[in-house]
1. How long are the three semi-axes of the equivalent ellipsoid for region 78-182, computed from the Cα gyration tensor as the root of 5 times each eigenvalue, in whole Å, largest first?
2. Grab the Cα-Cα distance for residue 110 and residue 177, subtract it from 0.36 nm times how many residues apart they are, and report the gain in nm with one decimal.
3. So what are the radius of gyration and Dmax for the Cα set of the chain, in Å?
4. Which of the peptides 140-148, 20-28, 58-66, 101-109 is most tightly packed, and how do the rest follow, judged by the mean count of other Cβ atoms within 10 Å per residue?
5. Kindly rank 87-95, 174-182 from highest to lowest mean number of other beta carbons found within 10 Å of each residue.
6. I'd like to compare 113-120, 158-165: which one has the highest average count of other Cβ atoms within 10 Å, and what's the full order after that?
7. Once you put a point 7 Å from the Cα of residue 117 and another 7 Å from the Cα of residue 139, both along the Cβ direction, what distance in nm separates them?
8. Looking only at the chain, where both bridge partners belong to it, what percent of the DSSP beta bridges are antiparallel (to the nearest 5)?
Ligand SMILES: Nc1nc2c(ncn2[C@@H]2O[C@H](COP(=O)(O)OP(=O)(O)O)[C@@H](O)[C@H]2O)c(=O)[nH]1
Ligand SMILES: [Mg+2]
């Protein structure tokens, strides 16, 4: 099939610094990921040796009819103009929340609010670093996100593990199908 006749789905992966966004896209993309990681110059430097300042980009082919383009946002609020740009035209998004960094749950909540002010496309919340000894429980994270009725879809995943990343994307695609059918 000619490339131009394929359907393209645009999915955004967002979340705070260290959540696993870049790893998520590298784990699942079939093309070499274009990333914009740079050596941090600020407080992020204490957390990571490289942090995403513009975006990550990856791609997956589903059958011969569909491409999924995956865009990863920067985690830092000061790059929120990129969050705004990347969410435009997205069909859905994954909000990654690192269970071992309780301080970043508020940031995740801010990102969710930011996205919900701009789009009402489906999203799933992916809890990463749940394998960390200090990881918060799912219920505590839901409280931190102020999702008291647990109305969002939650998936616990490890961004380094392909089956886990695939399951997260499938959950999102399932929701997309449901909204398209409705
Ligand atoms: N143990 C563990 N490490 C993870 C998990 N998800 C991501 N990581 C690691 O967390 C670090 C930060 O990931 P990165 O993709 O750079 O985060 P980003 O800032 O959201 O792009 C990397 O060393 C990843 O390998 C997870 O679920 N468990
Ligand atoms: Mg990154």
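1. 21, 17, 14
2. Value of the extension gain: 21.4 nm.
3. Computed over the Cα atoms of the chain, radius of gyration and Dmax are 15.6, 49 Å.
4. My ranking of the peptides, most packed first, is 20-28, 101-109, 140-148, 58-66.
5. 87-95, 174-182
6. Packing proxy ranking, top to bottom: 158-165, 113-120.
7. Between residue 117 and residue 139, the label points sit 3.3 nm apart.
8. Once the DSSP bridges in the chain are tallied, antiparallel ones form about 30 percent.
Throughout, read-outs are computed from the coordinates displayed, never taken from laboratory work. Keep in mind the model is a prediction, meaning the values are calculated, not measured. With ideal geometry, Cβ positions are generated from the backbone for all residues, glycine too; neighbour counts draw on all protein chains shown.
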